[in-house]
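Okay, so here's the structure we're looking at.
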Amino acid sequence: MHELRGTGHQKIRAPQTETAQTDSDRSDITDLVEDLCEIRFLLDGLCFDQNDFHNYEATYTSLFSQSFADVFNKDLKTFKSKHHALLDLVERAARWSSSADLRILVRQIRKDALDLKSAIRQAYRHRGLALCAADWQSPVYASTFKLELNRFSDPIKEHAWDYKRDGHLDAVVYEEAFIKAYLATSGSSKCKAYLTNSGMAGYTTVLHWLAHEMDLGTNAVALQPMYFENIHLARQFFPSLSTISDYTKQDLLHALRQIQPTVVLCDAVTNCGDILRHDIETVLNWASHETTRSTAIVIDTTCQPAFLMPKDFLGNIPENVSVILIESLAKHHQFGMDNTTAGIVVGHLSETHHNEFRKTRARLGTNITDQSVGCLPAPDRFRLEQRMRRHSLNIDLITRELQSTLENENGVLEGLSHLSLDPQLPWYRGACLTLKMKREFRTVERFQEFEHAVMQRAARKRCSITLGTSFGFDVTRFYVTAPSTPFEEPFLRLAVGTEPRLHIKLLCEIIDEINTELGQVWEKVETQESGSALNMPLPSIKRITTAGSANTANRAVVTTPDSVSPKDFTISTSDDLFISRTVFSGDDSLKSYLSPSNYAPTPLVELPADLNPFRGDGVRIFAKMMPLVPLMNIKSVPAFSMLSKAFERGDLSGVSNIIESSSSNTVLSLSVMSKLFGVENTTAIVDHNISAGLLRMLRLFGIEAFLHPAAGHEMFGKLAPRSERASKIGAQDGWFNPGQYTNPDNPEGFANWLAPHLWAQTNGELDLLACGLGTCGTMVGLSRGLRQRNPHLKVVACCPVAGQAVPGPREQSLLKDVTFDWKTVANAQMELTAEESFKGSIKLLRRGILGGPSSGMNYAGLLAYLQAEKDSGRLEQLIKTDGDFHCAFICCDSPLPHVNDYYDTLGEEYFPQIHDVPGEDIMETEIER
């Protein structure tokens, strides 16, 4: 018997004789070999002429403690050594491993290969920086003294490129290599490439050039579906843009003849929920044979790279037709390394148009940076095709494995959208597919619930998958696309990686399990909540047929800009359905009643002008009334989230006591909700100077309290903080500490349950949110959920001034035990005195907004922020063109538990006086007076 060993690998005993290996085993070995071949290709790309670095470092030895070139070469040798060791291990595993042992080895070798690739990724970033480390961004044409390592001195013709923004040789080298590698079979000798700093930058540059510099007119058409960012951008440049969708070849030709566009925009393969291949051949044939005017055909080849376009597709294009390809280089072309944003434009243009477009890119400043070019692997058709073949095989495997899942009538999925077979390119299936849910479940919240359930199950089963956007990577990604845009219905995307077959099959098993399990849960919920505004299907974009013929049954759907009105929809709920949502019965009635997933959205109330001094400036302020949830405090949301997740993980098994560092809302909610999960006792660690009213309220809810020395106590600072003591006790047998200051399930509850409500209630128009800092879970979770929908949302963090006490929130110096990264979330931080907070609360409650001191602090902090913005002149910049800037603050507490605190903080003189009832004679006198 032989023993196989590898660095970091488990010892495997394998027989000398050849053992039976399955087709799947051989496929996995092939995948590993492809991984390592790709890594070798990337390693070769790191080898470049380093003489310039040595010369530069020798000249300025005092600046360099160690030669970069020497360090880089040393790392490169290490990478190659590890690569050789992995390749040797794969060969021995293929020769001698049994099928069972091979599966273990494949998993470990793949992990090591990805780790090596991650190190190579960093090396490419260093390479990009090093290549241009000493270059001048504004070229030097001549000098009376020597300039060290300015590589662009000699080759640049004076005033051809005044800045690297205009152009630079690193980009030219890549652009020429791109044409040679990927457009050699296009049939065109006129193609030139232009790097841009992203695919969208390339698209913007092309649209600007066509709309404002090419004099092609405004008659443009787009083939739908199209990537939603592209179609939105196109409408800004071509306001009269028409669209063609749902077409056959004859329909498309008829529509083009009817519209006679001078600009045609389309995706080669759509980057949308509906994945399909557009009929580029018909478009090019029409342009080549039926139009004599100057015409531009713009094709986004991001989802089907240019080298996969049909052979000689540009071979017979006449002089009056320009063909432009736009491609993101952030997907396939970085071979999974995702190092930099980059895009490329390929133009089949006349020389005059090439010169014009080059100048347009320079004027718009969309050229790629020199450092980014150095981060890109060299174009290589063979290696890229090999990689994309692996993605296609995995897409094909998933579609076959999930067939039985889609036939499950009790599940939530009803179909897949994936690229169909093309006889001219039979192996290509793309890198993405869309999981289509049944119509009644198509809400962002349902998509995200499915997404999170798959992620959690995959983590338990050690199935690597990433929650992140984009595609073309090594590890499969699963994510909701377009959750916050009004231009596209959200959809659930699976972007496959290059994993082995067994891994893909495991992922399919997980999706099948979640499909069945959520089907059972959601059907039950839908029965109870049918008609709820939060669970209505997403609105469809309306389309109006404008084809000239009266008989449009067999015509493509052609729409004009006026047809698209994504916000023109209403959702109504009948009285009967509303009442059904407010009744909770059966054995699980309390759990259903107290679960945030069943909370009706609490009121969102706009403040009148006397409470909003900025209404005349175009600012609208809304109060989100969280005291109106079942337990009358916002902390019921994270309490249920932390306990339910702990229950799912098995953390509550054998637990009879919950302990938390909390003096009010959190521990009150935990004491009630813990009983839903079988835990009867709750203990609170509170400050020794807690008010008598709060202490009585804790005891009213059955909570046992332990007093901890706070400021003013002789033992203050001599004992571990409250949260640490709670954590230590919670680690004992029979105890559990949710740990509200560090538990990620705290903000996750707000992201999952409260953020969707607030977004829906504001019709997706929320611009600013004001929250208090306590555990920071509310702000971090809400901002995470809302910024998935609006990345530009502003967040104002409100906290007490140092030394001031406001019940609930804490001054910044007391947030040290909070691990949530609130500082990167907040755009601004406002500190309020206790007086400002309590007075803000009184203003609200006397007008019917029953918000406590914390609510008053959030309100006062929002007003203070808006005033500061107005004083600096920035408020006008925030106001939208329609004259509204939508703000919301969280009313997170009730004033009722804190009545005594109002008087202690503001004094008796702030409140109405108390009088004895006067005698009759005095009263009569007063009345007469």
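So the values come out like this:
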{"item": "Relative pair counts by distance (%), Cα atoms of segment 711-751, 10 Å bins", "result": "25, 37, 29, 9, 0"}
{"item": "Radius of gyration and maximum dimension Dmax of segment 846-893, Cα, Å", "result": "12.9, 35"}
{"item": "Computed Kirkwood radius, in angstrom, where 1/r is averaged over Cα pairs of segment 635-736", "result": "13.9 Å"}
{"item": "Relative frequency of Cα-Cα separations exceeding 14 Å in segment 402-446, percent", "result": "58 percent"}
{"item": "Segment 292-392, accessible area per residue, ligands and nucleic acids excluded (1.4 Å, Å²)", "result": "32 Å²"}
{"item": "Cα-derived Rg to Rh of segment 649-807, Kirkwood definition", "result": "1.01"}
{"item": "Packing rank of 686-695, 631-640, 464-473, where each peptide gets the mean count of other beta carbons within 10 Å, highest leading", "result": "631-640, 464-473, 686-695"}
{"item": "Extension reserve of the Thr185-Arg381 stretch, reckoned as 0.36 nm per residue once the Cα distance is removed", "result": "69.4 nm"}
{"item": "Scattering profile of segment 169-378 at q = 0.09, 0.13, 0.16, 0.19 Å⁻¹ [log10 I(q)/I(0), Debye over alpha-carbon scatterers]", "result": "-0.31, -0.67, -1.06, -1.55"}
{"item": "Using a Förster distance of 22 Å, the FRET efficiency for Leu695-Tyr910 (Cβ separation, nearest 0.05)", "result": "0.30"}
{"item": "All lysines inside 20 Å of Lys718 as judged from Cα atoms, apart from same-chain residues fewer than 8 positions distant", "result": "Lys728, Lys816"}
{"item": "Length added when fully stretched, Val917-Ala731, from 0.36 nm per residue minus Cα-Cα", "result": "61.0 nm"}
{"item": "Label-point separation in nm, His452 to Asp884, each point 7 Å along Cα→Cβ", "result": "2.9 nm"}
{"item": "Full-extension gain in nm, Thr248 to Arg107, via 0.36 nm per residue minus C-alpha separation", "result": "46.2 nm"}
{"item": "Segment 169-378: relative contact order as a whole-number percent, Cα under 8 Å and 6+ apart", "result": "30 percent"}
{"item": "Sites Asn900 and His232, calculated FRET efficiency, Cβ-Cβ separation with R0 56 Å, nearest 0.05", "result": "0.55"}
{"item": "For segment 261-316 and segment 330-360, distance of Cα centres in Å", "result": "17 Å"}
{"item": "Given Lys80/Lys311; Lys249/Lys311; Lys331/Lys438; Lys111/Lys461; Lys624/Lys823; Lys823/Lys870, the pairs whose alpha carbons are separated by over 26 Å", "result": "Lys80/Lys311; Lys331/Lys438"}
{"item": "Relative contact order (percent, whole number), segment 385-523, Cα cutoff 8 Å, 6+ residue spacing", "result": "29 percent"}
{"item": "For segment 385-523, projected area of the alpha-carbon convex hull averaged over all directions, nm²", "result": "8.6 nm²"}
{"item": "Segment 261-384 - charge dipole about Cα centre, Lys and Arg +1 at Cβ, Asp and Glu -1, debye rounded to 20", "result": "300 debye"}
{"item": "Value of D in µm² per second that Stokes-Einstein yields for segment 282-324, Kirkwood Rh from Cα pairs, at 4 °C (1.567 mPa s)", "result": "117 µm²/s"}
{"item": "Using a Förster distance of 25 Å, the FRET efficiency for Asp75-Thr466 (Cβ separation, nearest 0.05)", "result": "0.45"}
{"item": "Candidate aspartates and glutamates for bridging to Lys190, where Cα separation is under 20 Å - those fewer than 8 sequence places away on the same chain excluded", "result": "Glu175, Glu176, Glu281, Asp300, Asp312, Glu319, Glu327, Glu351, Glu356"}
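The values are calculated or read from the model by the stated rules, or taken from the named source; none is laboratory data. Note that the structure is a prediction, hence the values are computed from the model and not measured. Backbone-built Cβ (ideal geometry, glycine too); neighbour counts: all protein chains shown. Ligands, DNA and RNA are stripped out before the accessible areas are found, and what is left, the full protein with its side chains, is counted by its heavy atoms. Shrake-Rupley method; radii C 1.70, N 1.55, O 1.52, S 1.80 Å.
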